[in-house]
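Okay, structure first, notes after.
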């Protein structure tokens, strides 16, 4: 079985760096949005306070925000997986070359 394989360390590093840097940007932005929503719904002076609806909106948004934060953290796991796959393939290639050179 022959397949096409291409592992470009520079491309992988570029992609994983972009993924990781966006996580570092997105998480604080989500936290800022959460703070804005909490401020809006949290008190009579917040701008949108309804005795029964505001706490329900706040709880729903907190749940939504938690889901988003968890999803964004998953981006980092993809980055780690890409790096791990590349390192494994490069290591395998080196091990094969070392084995051949010892003969």
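Residue 35 - would you say it is surrounded by 11 or more Cβ atoms within 10 Å (Cβ to Cβ) and without any contact (Cβ under 8 Å) to a residue 24 or more places away in the chain? Spelling it out, residue 35 is indeed surrounded by 11 or more Cβ atoms within 10 Å (Cβ to Cβ) and without any contact (Cβ under 8 Å) to a residue 24 or more places away in the chain. Every condition in (1) over 30 Å from residue 93 (Cα atoms); (2) in contact with a helix residue (DSSP H, G or I) (Cβ under 7 Å, 6 or more places away or on another chain) is met by residue 66 except one, and the failing one is (2). With the structure loaded, tell me whether residue 33 is out of contact with any strand residue (DSSP E or B) (no Cβ under 7 Å at 6 or more places or on another chain), farther than 17 Å from residue 85 by Cβ and not in a helix (DSSP H, G or I) or whether it fails that test. When the stated conditions are applied, residue 33 does not pass them. Does residue 69 meet the test of being touching a residue at least 40 places away in the same chain (Cβ under 8 Å) and within 18 Å of the chain's Cα centre (by Cα)? For residue 69, the condition - touching a residue at least 40 places away in the same chain (Cβ under 8 Å) and within 18 Å of the chain's Cα centre (by Cα) - is met. Exactly one residue among 94, 62, 80, 22 is assigned to a helix (DSSP H, G or I), over 12 Å from the mean Cα position of the chain (by Cα) and surrounded by 11 or more Cβ atoms within 10 Å (Cβ to Cβ), and that residue is 62.
From 53, 77, grab the single residue that is closer than 20 Å to residue 17 by Cβ, out of contact with any helix residue (DSSP H, G or I) (no Cβ under 7 Å at 6 or more places or on another chain) and free of Cβ contacts under 8 Å to residues at least 40 places away in the same chain.
Values: 53 fails: closer than 20 Å to residue 17 by Cβ.
Every option except 77 fails the conditions.
Each reported figure results from applying straightforward, stated rules to the coordinates on display, with no laboratory input. As the structure is a prediction and not an experimental result, all values here were calculated from the model. With ideal geometry, Cβ positions are generated from the backbone for all residues, glycine too; neighbour counts draw on all protein chains shown.
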